[in-house]
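Please read the structure below before turning to the comments.
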Amino acid sequence: MKMKKVILVAILALVGMNAMAQRQEKVVDRIDQRTVQELDHVDVNTLFKPYWYLDLQGGAQWTIGEAKFKDLLSPNVQLGIGYQFSKVVGARLAFNGWQSKGGFDNREIMNFKWKYIAGGLDLTFNLSNLVAGWNPKRLFNLSLFVGGGANYEFDNDEAKALAAQGYNMQYLWDDKEIRPYGRVGLQAMFRLSDAVNLLFEGNANGLSDKYNSKYGDNIDKYVNALVGLRINLGKTYREESHEVYRDVIVYDTIYKYVTIEEPKPVKIEPIRRDVFFIINKYDIQDTEVDKIADVAAYLKKYPNAKVNVVGYADAGTGNDKINDRLAKQRADIVVKELIEKYEIAAERITYDSKGAHEQPFEENDKNRVSIMIAE
């Protein structure tokens, strides 16, 4: 009888252990799958924004005439207010003036001057943006402008005095005159900040033959050479950020108290080296050779490791076409060095180029780079 009880207890124990084993197996196998969105990266787009600006300039005027060049130079100032409609086209209302000069050849007393103020409207064209593409961070911009307006001249006493002495002043005007004028010119602008630019300007102006009181059978002309500041009255661009998400599959166990541990792989610390280049170049400098050697040694030490090479170009110079080419060449030369000099298998190397569309460094010059990350 006792032996039967012992056998029965043993059978019940075996059945219970088998049931627990099956339950544990079910807990491990039964999992729920769901998909969630996870932030991958943030894209930032820079967009042009129309803006007003103010020009403050001073310099010199050469009133073209019969006398020597140095005898026809006068001081000159200009104030302008403008609006940039698009990346290329803008308009400016400018007021220019001080004095103009005239003269005669081979006369003991031959020079005379008068005062003027000229106000006019210019249509401007940014040639740098037209040819190389818009870049709000560009250091140098060249613009062409054409325009015209009204020239108000006054205080002609010196010309009247010469006429009284017998000088030929066929078009002598007495008190005040207003004459139309047209002009064309170039502007060279150097960016100092988002708001302030150093501005150099040269413009040529044409008026009627009567401007300098003398008959010449051609239009009268003067040329202004000016330097000053352009002050932007507001933001010239705006940035828009877009969050980019990716779908991630998440697995949740039904029984939260069950923990499934997997063996942890041995972690190898990654290595990063940045190979910097000279502007508009993709040759490897002597100072950068050891960086490539470091990555090659790492790959030989860890046979399962791989390396990714990404080339960049700085956004402060050039245009997208040039920068895309340079970035690719900078990535290619590093990959070629790893394969040919250090005999790293090509299948262990991946590479890409970002042009100037991405800037890994805040300092502009450092973005002429190829970044190697091995792991």
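Check whether at least one residue in segment 115-133 is more than 26 Å from K176 (Cα to Cα), in contact with a helix residue (DSSP H, G or I) (Cβ under 6 Å, 6 or more places away or on another chain), part of a strand (DSSP E or B) and open to solvent by 30 Å² or more (accessible area, probe 1.4 Å), and report yes or no. No, every residue in segment 115-133 fails to be more than 26 Å from K176 (Cα to Cα), in contact with a helix residue (DSSP H, G or I) (Cβ under 6 Å, 6 or more places away or on another chain), part of a strand (DSSP E or B) and open to solvent by 30 Å² or more (accessible area, probe 1.4 Å). Checking the structure you have, find out if any residue of segment 190-207 is open to solvent by 70 Å² or more (accessible area, probe 1.4 Å), without any contact (Cβ under 8 Å) to a residue 40 or more places away in the chain and assigned to a loop (DSSP other than H, G, I, E, B). Yes: one or more hits.
Within segment 80-90, is there a residue that is open to solvent by less than 80 Å² (accessible area, probe 1.4 Å) and modelled with pLDDT under 95? No, because not a single residue in segment 80-90 is open to solvent by less than 80 Å² (accessible area, probe 1.4 Å) and modelled with pLDDT under 95.
Any chance segment 311-319 includes a residue that's surrounded by 15 or more Cβ atoms within 10 Å (Cβ to Cβ), at pLDDT 95 or above, touching a strand residue (DSSP E or B) at 6+ places or on another chain (Cβ under 7 Å) and not in a helix (DSSP H, G or I)? There is at least one residue in segment 311-319 that is surrounded by 15 or more Cβ atoms within 10 Å (Cβ to Cβ), at pLDDT 95 or above, touching a strand residue (DSSP E or B) at 6+ places or on another chain (Cβ under 7 Å) and not in a helix (DSSP H, G or I). Can you find even one residue in segment 226-237 that is surrounded by 13 or more Cβ atoms within 10 Å (Cβ to Cβ), without any contact (Cβ under 8 Å) to a residue 40 or more places away in the chain and of a type in the set (F, W, Y)? Taking every residue of segment 226-237 in turn, none turns out to be surrounded by 13 or more Cβ atoms within 10 Å (Cβ to Cβ), without any contact (Cβ under 8 Å) to a residue 40 or more places away in the chain and of a type in the set (F, W, Y). Answer with yes or no whether E340 is free of Cβ contacts under 8 Å to residues at least 24 places away in the same chain, open to solvent by 70 Å² or more (accessible area, probe 1.4 Å) and within 18 Å of N135 (Cβ to Cβ). So E340 fails the test. Confirm whether K328 is part of a helix (DSSP H, G or I), open to solvent by 40 Å² or more (accessible area, probe 1.4 Å), modelled with pLDDT under 95 and closer than 30 Å to T46 by Cβ. The answer is no for K328.
The values are calculated or read from the model by the stated rules, or taken from the named source; none is laboratory data. If you're wondering where the values come from, they're calculated on a predicted model, not measured in any experiment. Using ideal geometry, Cβ is built from the backbone for each residue, glycine included, and neighbour counts are taken over all protein chains shown. Areas reflect the complete protein model, heavy atoms only, side chains present, ligands, DNA and RNA absent. Shrake-Rupley method; radii C 1.70, N 1.55, O 1.52, S 1.80 Å.
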